[in-house]
1. When the range A:333-379 is examined, which residues are found to be among the hydrophobic types (A, V, I, L, M, F, W, C) and open to solvent by 40 Å² or more (accessible area, probe 1.4 Å)?
2. So, in the range B:71-80, of the ones that are in a loop (DSSP other than H, G, I, E, B) and open to solvent by 20 Å² or more (accessible area, probe 1.4 Å), which residue ends up farthest from the other protein chains (Cβ to nearest Cβ)?
3. With the range B:82-193 as the region, which helices (runs of 4 or more DSSP H) entirely inside it contain at least 1 residues that are without any contact (Cβ under 8 Å) to a residue 12 or more places away in the chain, open to solvent by less than 30 Å² (accessible area, probe 1.4 Å) and closer than 30 Å to B:VAL32 by Cβ?
4. Go through the range B:3-23 and give me each residue that's more than 8 Å from every other protein chain (Cβ to nearest Cβ) and closer than 19 Å to B:VAL133 by Cβ.
5. Take B:VAL26 and decide whether it is buried (at least 20 other Cβ atoms within 10 Å of the Cβ), more than 8 Å from chain A (Cβ to nearest Cβ) and of a type in the set (Val, Ile, Thr).
6. Sort through B:SER134, B:SER118, B:SER83, B:SER94 and tell me the only one that's under 29 Å from A:GLY357 (Cα atoms), among the small types (Gly, Ala, Ser) and more than 10 Å from chain A (Cβ to nearest Cβ).
7. Check off (1) of a type in the set (S, T, N, Q); (2) open to solvent by 20 Å² or more (accessible area, probe 1.4 Å); (3) closer than 30 Å to A:ARG283 by Cβ for A:SER158 and give me the number that stays unchecked.
8. Within the range A:397-419, identify whether any single residue is over 17 Å from the mean Cα position of the chain (by Cα), among the aromatic types (Phe, Trp, Tyr) and at pLDDT below 90, and answer yes or no.
Amino acid sequence: MLYNLIKKEFLEHVLGFRFLVSCILCLGMVTTSVFILRGDYINRLRMYEVNMDSSEEQIRSENSLSRLSKHGVRVDARPGPMQIPVFGLEKDHRIALVTGKHFPEFEQDRSLNPIGEIFPVADMLFVVATILSLLAFVVSYDAVSGERENGTLRLLMSYAVPRDVVILGKWFGGYLSLITPFVMAAVIAALILLISPEVGFSMDDWVSYLLVVVVSLLLLAAVFSVGLFVSTLCREGSTSIAVLIFLWVTGILIVPNNSPFIASVFVQTASPTEIENEVRSDRIAFTNQQHRTVYAPAQEDFTKRLHNAKSAEEKKEISEERDQFKRELIADIAKEEMEREGRIRKPHDKVLMSQIGLSQGLSRFSPVANFVYAATDIATTGMQCHFDYRDALENYSQDFRTYINDNWKKGSGGGLGKKKEEKKEFDAAGMPKFNYTPPSIEERLSNSLLDIGSLAGCTILFFLAAFITFIRKDLLG
Amino acid sequence: MLLTIIKKEFLNHVLSFRFSVFFVLVFLLSVVSMVVMSSRYNRDVEAYNLGCRERDTVLAELPHARFLRLVTTSSRKPPNSLSFFSTGLEPIMSQPVRLTYGGGTSMAVPIATNPVFSLFTAPDLLFVVNIVVSLIALLFTFDAICGESEHGTLKLSLSNPVSRDKLIVGKWIAGYVSLICPFLLAVLLGMVVILLSTSVDFSGEDRVRIGLFVLFCLTYISVFFNLGLLVSASVRKSSTALMITLFLWVMVVLAIPNMSPIVARLIKEGPSAGELAERLIKAEHDAWDRYDIEEKKLGDDYEARDKLWEETRAGIRRERNRLLDKYSDEAEPQVDVAIGISRISASANFVYAATTLTRTGLTDFKNLAIYLHEFESDFREAVDEIIKTSEKASKMSVTEALKKDHREPVFDVKKVPYFMFKGVPLDKAIYHTLPNFVVLFIFNVFFFLGTYLQFMRYKVH
């Protein structure tokens, strides 16, 4: 009986106009976007390789430690191929500049196409989160209320069919008709990615692609259940579509988009300019103080000794001692500055993390937000990898600055200031290199379990609600 | 007769369940969006003022005017008073600008930010109108004609001595008025909220821009209103009409604008940033190598060495600017292609116009790059001037100044220029948005004529 009902519902949808529209949208948008973004990704990969080459060249051509420290090192993480279906936070990704003096920063990409900032990228994530969720409502809005209006529900009930079988049939039949075009599109997209060797999908990437598709299906199930539930509550199709559009707008546009702004009202962070100025003024004050209390008296002392020195040998010895003292002082000051900067930034970081936590918490009321977090985390373009990369950059920055300071102390870096650069004395071979790999698929999956669980819970909750309403409510009156 | 029809249609709309749902939605969204944006604006203003004060403090603590040539200041442009209406490119234009005398300006993107802002689009008023109100406009009208035909009331109306054209015009007027009244009310309320809760002061030019922005909103909404009517007058069943309008909405608002940059990147190859960096570093290296050779020749002549140093620096700056400008020019065609492709969509036209009017658009972004270069040279001139006057006033050398524990600033901090980017002037902005307005207007006329003709031939069952 159930099988017949499922077949009836499925065929009803598939032979209708809606299925045609959803096929056009899914196949059209998902496959086109994967095809085009694949080309985009290959360009980005090439740019990454060119940039890394030029960064290596630059390091090799630096002939003094002070120049290396000032120009810094440009580092980057290799772009991962899963950004093709799920672009996520990749849009904010830039090359990072690590210098001997500053906290690492991203360089403003001059090739930035600013239109990408005005319209969000139409990747698979966008299609599922925005378009397919709307489609899920469109498919389910008149599942019960439409039949009630038409009178066919009464006809159906006049047969010896138990109500629970009817509602189950509606759920499965409708859901299957909803996901068929999407699954077809996902398979075609996978084929496109498979036949592009330059993209380089590893086993890890295929597993994450599969997981993203599964999570998408879960989102569609959740949204479909909500639609079915609203359909059982309403008498007319036009009422249920109005309510569902309202819910769609709230769930997709209001709740997630407002959450970081509302969070920033309750948890206020200092702006990056403020933090930078704090660091800078602290640094200037500290340097001035060191100049006064340590450098100036030591300089006087050395000058006196030089004056009193008898032989040229002694003078040379004292000069060398003085240079060594200067070097060590500069290195120690730099090290101390680094630690002071860390101490200043730490509390600001804590506040930022609690703001982020609040934003995420507020947005999680919407199943679409849950989906976006889960899918982006799995695809390495989400929050988890963002923080992981940030930590890696900060650690590397510390390693780099320590390397500079140690070599400065040893005097193996060339002269001081712009007056005399000792060329060819400096070799950047011992410099630490930046090597970043994102967390493994198991780690990413375990991080998104909360969101996946929420989606599953939402599906079950609303399906049960639809089930109970359908069984108990007087639908024939 | 027309008035009666309008009254009937209007009441029909306003008393429906659909209307109350949408009224609440539009109202809620617009007001919440203004409130949220105004709190963010307040914090931006606070941060900006704090930043300016800190910059002044940092500069005041410099022991000698010559340090102005070594110090790096970080500042950002003043917050945009029209950013409530549209965020646009404001976030990337408000990035801190790092400025050194010798190194020029650079925009650094900070690492420590809240990434949730990037995962979801900012809910500004532009977003509400572009996505939500357009959808609502379609949902208002998709069954205006076919729905009435299905219910049988159209037959009833037409059986009276009422001409079809009066009927369709009446429907149009009543429907549009009932749609934009909640919207305008919400915008008005939002403005009140903004004026009460923030310290913003709208200048005369700002008010003109806001007025034009609202005008564009109304034109944009009516495009979808007309489109919905057109579809409604062209099909028989209202469920078919619903599907068609939703499909069209998805294409116009979501698909075309968001796909256009992607397509543009494939069609037009952009320049490489890696090559640019290589050239920049090489230019600086070569210049410094030349300096070293020349310096040796000068021996102990400090004055001459200093002059050579300045000249080398100036040469590096010039070459750097030349390379950067060349790079920006090479990137232009790609952006133009993307804009061109997206012009098919009414939504994209609306977004371009609205962002240009609120000073958060593409032209403002381009002007910012130009302003950065100008500011560099203004800054350098001002610093040179300050150093000259300061050295005339007090003959203290750098080493002496470092030893002193000074308490007062040695020069007038206010003379150092602030970063005051103002955006594209109003007349240019209007000039840029005129083609967008024309496109929206054409869509309106086209759709309305289509509706009119379709309704004249509409077969009532």
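The values are calculated or read from the model by the stated rules, or taken from the named source; none is laboratory data. Please read these numbers as outputs of a predicted model, since none were measured by experiment. Virtual Cβ from ideal backbone geometry, glycine too; neighbours counted across all protein chains shown. The area values use the complete protein model at the heavy-atom level, side chains included, leaving out ligands, DNA and RNA. Shrake-Rupley method; radii C 1.70, N 1.55, O 1.52, S 1.80 Å.
1. Once the filter is applied, which keeps residues that are among the hydrophobic types (A, V, I, L, M, F, W, C) and open to solvent by 40 Å² or more (accessible area, probe 1.4 Å), the range A:333-379 yields A:VAL351, A:MET353, A:LEU358, A:LEU362, A:PHE365.
2. B:PRO78
3. B:116-119
4. Residues satisfying the conditions are B:PHE10, B:HIS13, B:VAL14, B:SER16, B:PHE19, B:SER20, B:PHE23.
5. yes
6. Exactly one residue qualifies, and that residue is B:SER83.
7. With (1) of a type in the set (S, T, N, Q); (2) open to solvent by 20 Å² or more (accessible area, probe 1.4 Å); (3) closer than 30 Å to A:ARG283 by Cβ applied to A:SER158, the lone miss is (3).
8. Yes, that holds for at least one residue.
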